[in-house]
Amino acid sequence: MQGGAKFVRSRGRRAWFAGIFALLILLMNVFPVVAVARPYVPNLGGGTYDVPKLPVPDLQAPQWDVPKLEAPQWDVPQLDVPKLEAPHWDVPQLDVPKLEAPRWDVPQLDVPKLEAPRWDVPDLQPRNGTVPTLKPPTMDVPDLRPPNISVPDLTPHSLKQDGRSAKPQPFTETLAYKLAELSYKEIIGGTLNYSKELVERGTVTAGQAGASYGKVLFRVGVKGLDIALQDTPYSDLPGLTLDGLDAKGAYDSYKFVFQRYAPANAGTVRVPGVVTGLNVAVAAISLPFDFFNMVGQFRQAYDPDLGEEKQNEKFVDGIGNLGSTLMDIGVITSTIPGWQAIAFACVATGFVLWAGARLVKWYNKASGGALSKRISSVRKGIGKVLGWFSS
């Protein structure tokens, strides 16, 4: 019964709460309407209104009975830990057998005595008891020597008649020097010259760049053939080709130095700095090889162990390398302020010497030695002059 009364009381209170909440909502809706209609309501006189006294309900919070919760008591079982003991293993005792090496009886073998057989040499005698005398038939030995032909001396050049070693091979004629010249002067110098051509052109296509580099590879290949075919009947072919390619390089050196010397005149052309540096680098690489070639060829030109024809050829080649050396010096000195006139003179003189030596060399070869006597006269004359200075 007490629980039912509490339920009815709480339900009545809920109804009061609902009514009061509805009244508040109504007032919230009515007040705005009254405020809007206030100016339109006529003044009927100032009357007094008594505010109705409404009974305020006694609202009390319900008394809730908080249940008392007790933690359950669990019975913890007591477990006995078993005592484990390590098992006792019986280690078997093994008897190691005693092994004895077997005794081998070496049989005693009798070596048989072998005796060489005795061969009886038969006594061979002719039937009549006389030994015939054998004589070779008389024959005339023909003379196989060719008439009026001198037998060449096949003694190697590296050995003298008394067997002692002759002078060593000139340094510029060794394979190591030739390969070094191919690597530095042709490959590295040719690549720098190829770069210079690209810079001078400015904008180039892939085909033009490939064609220019093909020229570099072609020159390297021809130089390799010149080394391989040295002192053979086919050595003139790559040599003539290289001289034709060198003519283009000599003309480029002359044109480069002339452009730097020309600022003293009107209408000059100023060479870009990159092109100048590449030209100087190519000349600096070529200079030591041209100088060593010149010295080595002049020494061979006056070597008494060589024939006169070979001496003349080396003399002409030395003149050509002297011209190449002067052109390299001219290109390098052209970058020094105030030395342009000297550089131009070196390049012009070197170009004349190089071109003249190449024309004399190939014309003499093509004509079968038509200029050999004149070359010998000039060579011997210069040798006498040098001998006067050396004495």
- Where in segment 265-384 are there helices (runs of 4 or more DSSP H), lying wholly inside it, with at least 3 residues that are hydroxyl-bearing (Ser, Thr, Tyr) and surrounded by 15 or more Cβ atoms within 10 Å (Cβ to Cβ)? 308-333
- Task: Could you please tell me which pairs satisfy a Cβ distance under 7 Å, a separation of 6+ or placement on different chains, a first residue in segment 239-250 that is farther than 14 Å from LEU225 by Cβ, and a second residue that is open to solvent by less than 30 Å² (accessible area, probe 1.4 Å)?
- Result: ALA250/MET327; ALA250/TRP354
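The values are calculated or read from the model by the stated rules, or taken from the named source; none is laboratory data. Computed from a predicted structure; not experimentally measured. In this analysis, Cβ positions are derived from the backbone assuming ideal geometry, glycine residues included, and neighbour counts consider all displayed protein chains. Please note that ligands, DNA and RNA were not included when accessible areas were found on the heavy atoms of the full protein model with its side chains. Shrake-Rupley method; radii C 1.70, N 1.55, O 1.52, S 1.80 Å.
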